[in-house]
1. Residues that are of a type in the set (S, T, N, Q) and closer than 24 Å to ASP45 by Cα: does region 90-100 have at least one?
2. Only one residue in ALA165, ALA187 is at pLDDT below 95 and either assigned to a strand (DSSP E or B) or among the aliphatic types (A, V, I, L, M) (or both), so which one is that?
3. What are the residue pairs meeting all of these: first residue in region 119-134, first residue under 20 Å from ALA187 (Cα atoms) and at pLDDT 95 or above, second residue of a type in the set (Gly, Ala, Ser) and open to solvent by less than 60 Å² (accessible area, probe 1.4 Å), Cβ atoms under 8 Å, and 6 or more apart or on different chains?
4. Taking the options VAL89, VAL64, VAL105, VAL77, name whichever one is in contact with a helix residue (DSSP H, G or I) (Cβ under 9 Å, 6 or more places away or on another chain) and under 21 Å from ASP161 (Cα atoms).
5. Given (1) surrounded by fewer than 18 Cβ atoms within 10 Å (Cβ to Cβ); (2) in a strand (DSSP E or B), where does PHE116 come up short, assuming only one miss?
6. Checking ASN40 against (1) assigned to a loop (DSSP other than H, G, I, E, B); (2) over 19 Å from SER212 (Cα atoms); (3) open to solvent by less than 30 Å² (accessible area, probe 1.4 Å): exactly one of these is not met. Which one?
7. Among the residues of region 132-153, which ones are assigned to a loop (DSSP other than H, G, I, E, B) and either under 17 Å from VAL77 (Cα atoms) or open to solvent by less than 20 Å² (accessible area, probe 1.4 Å) (or both)?
8. Before we move on, is LEU181 aliphatic (A, V, I, L, M), under 30 Å from ARG61 (Cα atoms) and at pLDDT below 95?
Amino acid sequence: MKAFSVVALLLGAAFTQANDRLTLLTESYPPFNMSIDDRNFARGDGVDGISTDIVREMMRRAGVEYTLTLRFPWSKVYNLTLNKANYGVFSTARSAEREDSFKWVGPIVDNDYVVFSLPGKKIKINNFEDMKKYKVGAYKDDYVTNVLKKNGVKVLETLKDSYNATKLKEGRIDLWASGSLSGPYGADQVGVTGLKQVYLVESKGLYLALNSSTPNRIVKKLQVVLDQMKSDGSVDGIYDQYR
């Protein structure tokens, strides 16, 4: 009986450890998450960015084992996390439609979803109705894309957000809906500078979304650690490295 109890205890501990190991996924969404060689696939140390560095430090402090993979497209990493136990995805917006599908840690970073035009363009946007007069580009399945579509704005979607910067420069779209940081960062990578912000769609924090079966104790532990990182200046320090 003693031997059986010891085996059961060891098996229980092994199960708990395995249950604590997370598979984290992300996409290329600079400067929050990106590969160091600007590709659409990377693992481990090949992934960096503001959100990535925050999540990495959060996992270290919480003592949670994990693997980290950046891959493409966004719909793939989103659906894997939605359907597979112990999976997590970042950086993603938290919305009423998504609320009950995941368990949430965050916000990891703050993000403004905005609309850009090229400098010198005399485009004034006060509301969604004004946007309907123009060709608007956005990233496929992104949060801001869905907001615009729900408000009746026709959106020309791309599989990579920085493609919209090129389309804007070439005159194939008039406006580009993206993140206030990620948009200019991605545009700079393809030689497009001086973007003009013409409308704020929404301010929305970005989160780590965990599969709904993730143990609550892990979610709580990660949230406590993240809150501590914000209080002790660690999060601000990571931001400073990318400014």
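The values are calculated or read from the model by the stated rules, or taken from the named source; none is laboratory data. Just so you know, these numbers come straight off a predicted model, no measurement behind them. Because the Cβ atoms are built from the backbone with ideal geometry, glycine has one as well, and the counts that use them run over all protein chains shown. These area figures cover heavy atoms from the full protein model, side chains too; ligands, DNA and RNA do not enter into them. Shrake-Rupley method; radii C 1.70, N 1.55, O 1.52, S 1.80 Å.
1. Within region 90-100, one or more residues are of a type in the set (S, T, N, Q) and closer than 24 Å to ASP45 by Cα.
2. ALA187
3. Taking only residues 6 or more apart or on different chains, the pairs are ILE123/SER117.
4. Within the list VAL89, VAL64, VAL105, VAL77, the selection yields VAL89.
5. Unmet for PHE116, out of (1) surrounded by fewer than 18 Cβ atoms within 10 Å (Cβ to Cβ); (2) in a strand (DSSP E or B): (1).
6. Looking at each condition in turn, ASN40 falls short on (3).
7. LYS140, ASP141, ASP142, VAL153
8. Taking the combined requirement at face value, the residue satisfies it.
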